[in-house]
């Protein structure tokens with residue numbers, strides 16, 4: 001009936017512990033299969049009745065046929081609860097919400113650069129796998145990903161065995177904030193790493209991570225000659241309805257749940273600096 | 001007169017700031033404001049400055065020495081906030097301003113006088129100019145409820161006093177409380193259910209209350225387990241006010257702001273006044289905010305303390 | 001063709017409506033006048049221009065269930081709440097509140113349509129009433145609203161002894177089909193005297209220049225928000241009496257034998273409005289205060305053909321505990337003609 005605000009049932013069919021504070025949850029409909037179709041960058045409202053409802057980006061690619069996945073960091077009531085539940089738990093889900101990354105539009109045929117920090121890889125994960133499954137439609141692909149430590153790198157097994165596999169024709173550049181035993185890769189913050197890697201400014205960039213990282217990544221990109229019109233990001237604000245009515249995620253004349261969460265940086269420049 | 005005196009103060013310290021009221025759009029608009037040497041001319045003090053500035057001071061923390069205007073009743077709240085160490089007495093130069101009772105615009109409107117363009121005081125009469133002609137009304141008929149329970153003309157805290165005050169208390173301020181006590185429990189329940197059912201949970205009572213000085217209210221705190229900006233049912237809503245009354249028990253000075261600001265006209269002060277009356281009865285007369293540094297009976301202990309729970313079982317005496 | 005009804009027959013007329021439909025009208029309860037269920041025992045107050053709360057609650061109630069859940073072990077049963085299926089009549093709405101419904105429609109009926117609001121709109125018949133005695137806090141004229149000619153399904157005018165009706169829709173016409181016909185000219189005098197007052201209202205000529213969408217960042221960055229917001233208590237009075245404020249929260253309530261998920265009015269003036277686990281993007285009252293007025297005067301018009309999200313009802317002018325309201329904002333931040 002009124003499905004835009006009434007949730008449907010989902011079942012958690014798998015829980016993976018990715019990092020000390022991030023788990024990935026696989027969600028299917030009660031009769032198996034995906035609860036709905038989505039595009040990379042879109043979000044869904046997950047809820048545990050009695051605990052609350054919150055918006056999460058869908059981590060899995062639309063090209064995955066049987067389920068959707070959500071990589072969720074433990075940081076509030078709902079996420080706390082999700083982290084403590086077991087496989088087989090039913091939750092409620094509604095979506096998809098928001099404007100996706102323009103994977104079938106502005107990104108087609110482009111050389112892509114993904115830049116992520118911490119759990120910021122989650123929304124980009126969906127795009128990266130979508131690109132991988134449609135590899136011939138895109139040009140060069142580079143992924144720069146950093147986290148606090150080796151243990152905090154999300155999806156490390158997949159990154160190493162799939163994305164870094166020469167067959168994927170993508171380049172992966174990992175970094176961690178501080179020296180660590182057993183890590184022989186790059187050490188340092190993501191923005192500096194991006195500068196060191198000296199990307200050619202003809203790339204289209206998708207960046208996601210903590211606000212402070214995004215700020216310095218943008219400065220790094222600008223110093224390399226990138227324009228704001230080439231850089232996309234995805235925003236996170238408090239949301240309740242998901243359909244642009246409850247008013248919570250309103251910034252300027254935009255609603256992040258409906259007009260975002262994906263924005264190009266020149267579009268963000270039009271908005272009041274209140275995010 | 002007040003502005004002249006404030007300007008004199010500026011001569012000693014040009015960095016002073018002033019907390020008072022500013023005239024607004026309607027004849028009744030008096031907005032709490034902080035003034036500097038440049039804007040001091042906009043400060044206004046007259047019969048419409050009913051709001052209590054003590055709570056306003058909490059949100060205006062600054063390193064600057066502040067001159068604040070307090071009416072006699074406001075001075076109790078100021079003292080109480082100093083007692084609770086929410087305000088630092090030394091940071092303020094308190095000017096006690098004279099008060100002969102403040103006028104309630106809402107009461108004028110409720111008499112049916114509409115389209116009010118200006119209100120002029122002529123002795124005990126208000127001459128009111130409206131879109132529909134001029135009219136008059138006795139001043140005493142439209143005083144704020146809190147003025148009818150005036151605590152007296154003395155400023156309990158003031159570095160200097162400007163102007164005369166008058167005690168505007170009418171009759172026994174516990175009269176309505178006594179009426180409520182005389183009701184049967186069912187009648188009393190019905191009375192409060194009707195009143196509290198009007199609540200729209202705007203939180204104006206709490207946010208205006210000088211005794212509600214928590215930095216984070218339990219009802220706003222998602223981690224408290226009782227956060228509720230709108231209740232799931234109306235009974236839960238009633239509890240908000242009762243819990244609030246208990247939270248401010250012993251610290252409420254009966255300043256009357258809760259009822260003054262309530263958009264739905266709920267006589268919230270009666271909950272507090274009932275508790276004040278009980279506290280007085282059990283522990284002897286006590287007036288919160290009478291002086292800085294008092295211990296209120298509910299946080300104090302003496303061997304002579306009564307045992308209210310044992311004395312009054314089930315609400316009876 | 002207009003219809004008329006002698007005022008003395010109004011109670012019988014209302015009773016007639018209430019026999020087949022829910023009737024909501026301005027009635028007095030506990031000394032306050034609000035839109036509420038009318039019954040024969042109600043104290044109808046058509047003389048009161050401004051109910052405390054606006055009429056929006058008839059379509060967007062303060063608290064409304066969305067869905068119920070039953071939890072059993074790891075399983076959940078979902079039961080969506082029913083939408084309204086019965087007709088109701090909202091009687092005695094003023095021109096300003098009637099306009100507010102059009103503004104709410106732009107939010108709740110835009111894609112995707114809100115099912116609960118849509119059902120209430122579909123089942124509601126709005127009977128408006130011209131404003132015989134506009135007040136000094138009224139500033140509807142700034143928004144092109146004419147208190148002498150209110151919209152709605154059925155418009156009404158009241159004189160000393162008669163109510164006149166003009167149907168604007170079939171739903172409206174159906175309500176007054178049984179009444180006597182009369183000439184349109186019979187209300188001209190009433191309308192003229194209302195308009196004469198409307199022209200004299202002290203706040204009838206506010207200057208809204210400078211709040212257009214292309215001034216968005218200029219208005220947002222105005223340093224005067226700091227001073228304007230100073231006295232704001234951060235309460236929700238303005239929001240909750242406002243006919244156009246429509247932000248809501250969604251909460252769960254564990255009743256002991258199931259979970260009720262309801263939505264309730266919320267206010268951008270509250271400190272937790274945008275609070276997330278890792279903080280808030282509007283940390284002080286200045287940002288929250290600014291959001292409310294920027295939304296009404298700049299953001300909403302920018303998304304809605306330049307229409308302001310204020311109808312000038314003046315409730316906030318009467319109710320703000322600190323007398324710190326939208327007219328102050330307009331007068332302070334509006335671009336002066338000679339500037």
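The values are calculated or read from the model by the stated rules, or taken from the named source; none is laboratory data. Only a predicted model underlies this, so the values are computations on that prediction, with no experimental measurement involved. Using ideal geometry, Cβ is built from the backbone for each residue, glycine included, and neighbour counts are taken over all protein chains shown.
Got a sec? Which of A:106, A:122 is assigned to a helix (DSSP H, G or I) and either touching a strand residue (DSSP E or B) at 6+ places or on another chain (Cβ under 6 Å) or surrounded by fewer than 17 Cβ atoms within 10 Å (Cβ to Cβ) (or both)?
After ruling out the rest, the residue left standing is A:122.
Just for helices (runs of 4 or more DSSP H) wholly inside the range B:1-120: which have at least 1 residues that are more than 15 Å from residue B:260 (Cβ to Cβ)? Spell out how you get there, then give the answer.
Working: elements: B:2-12, B:53-58, B:72-83, B:105-110.
Once the helices (runs of 4 or more DSSP H) in the range B:1-120 are filtered for at least 1 residues that are more than 15 Å from residue B:260 (Cβ to Cβ), what remains is B:2-12, B:53-58, B:72-83.
For the range A:1-71, which fully contained strands (runs of 3 or more DSSP E) count at least 3 residues that are closer than 22 Å to residue C:113 by Cα?
Details: elements: A:8-19, A:22-28, A:43-48, A:52-57.
Qualifying strands (runs of 3 or more DSSP E): A:43-48, A:52-57.
Counting only residues that are out of contact with any strand residue (DSSP E or B) (no Cβ under 9 Å at 6 or more places or on another chain) and part of a loop (DSSP other than H, G, I, E, B), which one in the range A:248-272 is nearest to the other protein chains (Cβ to nearest Cβ)?
So the first thing to find is which residues in the range A:248-272 are out of contact with any strand residue (DSSP E or B) (no Cβ under 9 Å at 6 or more places or on another chain), and the list is A:250-253, A:255, A:269.
Next cut, part of a loop (DSSP other than H, G, I, E, B) only: A:252-253.
Numbers: A:252: 6, A:253: 4 Å.
Ranking the qualifying residues of the range A:248-272, first place goes to A:253.
Can you confirm whether residue A:225 is crowded, with 21+ Cβ neighbours inside 10 Å and either in contact with a helix residue (DSSP H, G or I) (Cβ under 7 Å, 6 or more places away or on another chain) or more than 9 Å from chain C (Cβ to nearest Cβ) (or both)?
Numbers: crowded, with 21+ Cβ neighbours inside 10 Å: no; either in contact with a helix residue (DSSP H, G or I) (Cβ under 7 Å, 6 or more places away or on another chain) or more than 9 Å from chain C (Cβ to nearest Cβ) (or both): yes.
In short, no.
Go through the range C:258-277 residue by residue and tally those that are surrounded by fewer than 20 Cβ atoms within 10 Å (Cβ to Cβ) and free of Cβ contacts under 8 Å to residues at least 24 places away in the same chain.
4
For the range B:56-63, indicate whether the set of residues that are within 14 Å of chain C (Cβ to nearest Cβ) and free of Cβ contacts under 8 Å to residues at least 12 places away in the same chain is non-empty.
Keep residues of the range B:56-63 that are within 14 Å of chain C (Cβ to nearest Cβ), which gives B:56-62.
Right, trim to free of Cβ contacts under 8 Å to residues at least 12 places away in the same chain and you get B:59, B:61.
Yes, the range B:56-63 contains at least one residue that is within 14 Å of chain C (Cβ to nearest Cβ) and free of Cβ contacts under 8 Å to residues at least 12 places away in the same chain.
Take residues that are under 30 Å from residue B:212 (Cβ atoms) and at pLDDT 90 or above and tell me which of the helices (runs of 4 or more DSSP H) falling wholly in the range C:184-263 contain 1 or more.
Working: elements: C:188-200, C:216-220, C:225-229, C:237-241.
In the range C:184-263, C:225-229, C:237-241 are the helices (runs of 4 or more DSSP H) which contain 1 or more residues that are under 30 Å from residue B:212 (Cβ atoms) and at pLDDT 90 or above.
Considering only the range A:48-62, how many residues are farther than 15 Å from residue C:74 by Cβ and within 14 Å of chain C (Cβ to nearest Cβ)? Break it down stepwise before answering.
To start, the set of residues in the range A:48-62 that are farther than 15 Å from residue C:74 by Cβ comprises A:52-62.
From the residues that got through so far, the ones that are within 14 Å of chain C (Cβ to nearest Cβ) too are A:52-56.
The number of residues fulfilling the criteria is 5.
Six or more apart or on different chains, Cβ atoms under 6 Å: show the pairs whose first residue is in the range C:73-101 and within 14 Å of chain A (Cβ to nearest Cβ) and whose second is crowded, with 17+ Cβ neighbours inside 10 Å and part of a helix (DSSP H, G or I).
Filtered contacts from the range C:73-101: C:83/C:115; C:83/C:116; C:83/C:119; C:84/C:119; C:84/C:120; C:84/C:123.
Please work out if residue A:11 is touching a strand residue (DSSP E or B) at 6+ places or on another chain (Cβ under 7 Å), surrounded by 18 or more Cβ atoms within 10 Å (Cβ to Cβ), in contact (Cβ under 8 Å) with a residue 12 or more places away in the chain and within 13 Å of chain C (Cβ to nearest Cβ).
Numbers: touching a strand residue (DSSP E or B) at 6+ places or on another chain (Cβ under 7 Å): yes; surrounded by 18 or more Cβ atoms within 10 Å (Cβ to Cβ): yes; in contact (Cβ under 8 Å) with a residue 12 or more places away in the chain: yes; within 13 Å of chain C (Cβ to nearest Cβ): yes.
So residue A:11 fits the description; yes.
Looking only at the range C:272-288, count how many residues are in a loop (DSSP other than H, G, I, E, B) and either over 22 Å from residue C:315 (Cβ atoms) or out of contact with any helix residue (DSSP H, G or I) (no Cβ under 8 Å at 6 or more places or on another chain) (or both).
As a first pass, look at the range C:272-288 and keep what is in a loop (DSSP other than H, G, I, E, B): C:272-275, C:277-278, C:280-284.
Pick out the ones that are also either over 22 Å from residue C:315 (Cβ atoms) or out of contact with any helix residue (DSSP H, G or I) (no Cβ under 8 Å at 6 or more places or on another chain) (or both) and you get C:272, C:274-275, C:277-278, C:280-284.
Count: 10.
Can you work out which of the residues in the range C:260-271 that are in contact with a helix residue (DSSP H, G or I) (Cβ under 8 Å, 6 or more places away or on another chain) and more than 9 Å from chain A (Cβ to nearest Cβ) is farthest from residue C:333 (Cα to Cα)?
C:265
Can you find a residue in the range B:296-304 that is buried (at least 21 other Cβ atoms within 10 Å of the Cβ) and at pLDDT 85 or above? Full working, then the answer.
Keep residues of the range B:296-304 that are buried (at least 21 other Cβ atoms within 10 Å of the Cβ), which gives none.
No; the residues of the range B:296-304 include none that is buried (at least 21 other Cβ atoms within 10 Å of the Cβ) and at pLDDT 85 or above.
So is residue A:245 over 15 Å from residue C:282 (Cβ atoms), out of contact with any helix residue (DSSP H, G or I) (no Cβ under 8 Å at 6 or more places or on another chain) and in a loop (DSSP other than H, G, I, E, B) or not?
Details: over 15 Å from residue C:282 (Cβ atoms): yes; out of contact with any helix residue (DSSP H, G or I) (no Cβ under 8 Å at 6 or more places or on another chain): no; in a loop (DSSP other than H, G, I, E, B): yes.
No, not satisfied.
Mind listing whichever residues of the range C:107-132 are assigned to a loop (DSSP other than H, G, I, E, B) and buried (at least 18 other Cβ atoms within 10 Å of the Cβ)? Walk me through how you get there before you give the answer.
Initially, the range C:107-132 is screened for residues assigned to a loop (DSSP other than H, G, I, E, B), giving C:109-114, C:130-132.
Selection gives C:114, C:130, C:131, C:132.
When the range C:189-244 is examined, which residues are found to be on the phi > 0 side of the Ramachandran plot and more than 14 Å from chain B (Cβ to nearest Cβ)? Steps first, please.
Step one: of the range C:189-244, the residues on the phi > 0 side of the Ramachandran plot are C:210, C:234.
Within the range C:189-244, just C:210 meets the criteria.
Test residue B:170 against the stated conditions and say whether it is away from every other protein chain (no Cβ under 14 Å), within 22 Å of residue B:262 (Cβ to Cβ), in contact with a strand residue (DSSP E or B) (Cβ under 8 Å, 6 or more places away or on another chain) and surrounded by 14 or more Cβ atoms within 10 Å (Cβ to Cβ).
no
Taking the residues in the range B:103-128 that are touching a residue at least 24 places away in the same chain (Cβ under 8 Å) and more than 13 Å from chain C (Cβ to nearest Cβ) as candidates, determine which candidate is surrounded by the most Cβ atoms within 10 Å (Cβ to Cβ).
So, considering only residues that are touching a residue at least 24 places away in the same chain (Cβ under 8 Å) and more than 13 Å from chain C (Cβ to nearest Cβ), the one surrounded by the most Cβ atoms within 10 Å (Cβ to Cβ) is B:103.
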